[in-house]
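Enquirer: Input: one structure, supplied below.
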Amino acid sequence: MKKKRWNDYLWIAELLYLVLGLFNILFAWLGMIFFTLPLLVAIFGGSKAYCNRYCGRGQLLAILGGKLKISRNAAPPAFLRSRWFRYGFLAFFMIMFCLMLFNTYKVFTGAPLKETVTLLWVFKLPWQWAEVGMVSPWFAQFAFGFFGVMLTSTVLGLLTMILFRPRSWCVYCPMGTMTQGICQLRNSGKLKENGKSGDFPVSKQKFL
């Protein structure tokens with residue numbers, strides 16, 4: 001039996017994050033850790049180690065779909081793995097993220113705070129019951145918007161986990177697409193410096 005390591009329990013952090021956001025929306029700011037760490041690992045490490053070893057969401061999906069047998073365990077459709085879909089979804093995701101930042105800026109400049117969490121970029125869920133605390137309105141607005149982003153990606157992950165293999169979300173995850181692109185650029189630069197040609201191997205994502 002394989003010995004458990006500390007990073008095998010990071011799924012608890014993912015679950016705890018979602019639960020805490022239900023009671024105090026300001027906990028949504030902790031999601032910036034999940035947002036920045038993969039990029040830092042790719043930039044300075046040149047690998048997708050975060051996706052392969054430290055992604056709590058991936059672990060949670062693997063547990064729900066694999067151990068609990070919620071997943072159909074079917075191969076994801078080819079279009080999900082295609083470059084045009086992955087980068088197209090990344091572009092759409094980043095546009096929505098920028099709109100969230102713009103809404104935060106509007107509140108910063110005097111617009112009223114919107115205590116709603118937008119799910120799947122369409123459904124506005126009232127979130128007035130979640131404690132905000134004594135903070136600047138723009139600080140709270142970012143939390144509402146960012147929790148909506150995190151909740152949306154979690155729902156998409158759960159849907160693809162049920163329909164396909166447990167970690168099918170990893171196939172088109174925007175963070176995974178960004179880190180893979182960073183690794184390719186970083187490692188191709190190393191190849192040019194060394195006077196070599198060809199593709200530099202990027203660590204493969206594990207799809208359970």
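Enquirer: Order of 152, 36 from fewest to most other C-beta atoms within 10 Å? Before the final figure, lay out each step's value.
Expert: Values: 152 19, 36 11.
With the fewest neighbours first, 152, 36 line up as 36, 152.
Enquirer: For the residues 83, 167, what sequence is obtained by ranking on other C-beta atoms within 10 Å, fewest first? Spell out each step's value before the answer.
Expert: Working: 83 8, 167 27.
Ordered from fewest to most neighbouring Cβ atoms within 10 Å, 83, 167 come out as 83, 167.
Enquirer: Using the structure shown, select from 48/114; 48/69; 48/124; 48/106 the pairs with a Cα to Cα distance greater than 29 angstrom. Can you show the working numbers first?
Expert: On the way: 48/114 36 Å; 48/69 27 Å; 48/124 33 Å; 48/106 35 Å.
Going by Cα-Cα distance, 48/114; 48/124; 48/106 fall outside the 29 Å limit.
A short reminder: the numbers here are calculations on the coordinates, not readings from a lab. Everything quoted here is computed from the prediction, not taken from an experiment. Neighbour counts are summed over all protein chains in view; Cβ atoms, including those assigned to glycine, are modelled from backbone coordinates with ideal geometry.
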